[in-house]
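Asks: Handing you a structure now.
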Amino acid sequence: MSDNLIQEQIKQDYAYGFVTDVESVRAPKGLNKEVIQFISKQKKEPQWLLEWRLKAFERLQTMTEPSWQKPQYPKIDYQALYYYSAPKGFKEGPKSLDEIDPEIKIFGEDTDRLGNTCYFAYPSMTSENQVIALDQKGICVSSGAACSSGKVEPSHVLKAMNVDEKYIHSAIRVSLGWDSTKEQIETFFSVWKSDCFKNGALNVR
């Protein structure tokens, strides 16, 4: 590849974007007691934790930013930043995948299974396209079984279960970790609905 072609590619804007429009709750810009109280209320923190945060904020106000370090950087305006933003909840939204579209199939929904894993399919979208679309937004899912994480090939487990082909080729598996949060789950649903469910470009062809 020639240097001219490389430079041409470098100068181009990234065409695929890193932002998904998700309706969110955000604190006012800047940091003060009112913002700290707002954040604590949103997180439903106990009173003792709010008091601890307020004391820490009082201590912060007595401190000065160090300037002895060798690397220098432009002075940061900490009051120009947002200190809290989270997706809005689904209080008025769907309570299950069935409410989004009855065609969605959840594998094993009528049996006892691990609560941190959900394997579901929507026949109008290929597994591969869903995996790629979600990956572009920093969300990792799989189309294979748990023993083949990261792959986009159809699940051999679903094939062995004689699941209909239309579901096999549109299934994705979502797993939660011990530190996964409610906000992360809601973000997944928001991104999946906006980038997969409502995106006609991902329809099976």
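Any read-out appearing in this document is the output of simple, stated calculations on the displayed coordinates, not a laboratory observation. This is a predicted model, so every value here is computed, not measured. All Cβ positions, glycine included, derive from the backbone under ideal geometry; neighbour counts span all protein chains shown.
Asks: Would you mind getting me the FRET efficiency between LYS29 and GLU109? Use the beta-carbon distance for r and R0 = 45 Å, nearest 0.05. Mind dumping the intermediate values first?
Replies: On the way: r = 44 Å, r/R0 = 0.97.
That pair, LYS29 with GLU109, gives E of 0.55.
Asks: Show me the three semi-axes of the equivalent ellipsoid for the range 26-83, from the C-alpha gyration tensor (sqrt of 5 times each eigenvalue), largest first, rounded to whole Å.
Replies: Semi-axes (√(5λ), whole Å): 26, 15, 8.
Asks: Using a 7 Å offset from the Cα along the Cα-to-Cβ direction at both GLN7 and ASP77, what is the distance between the two label points in nm, to one decimal?
Replies: Rounded to a tenth, the inter-label distance reads 3.5 nm.
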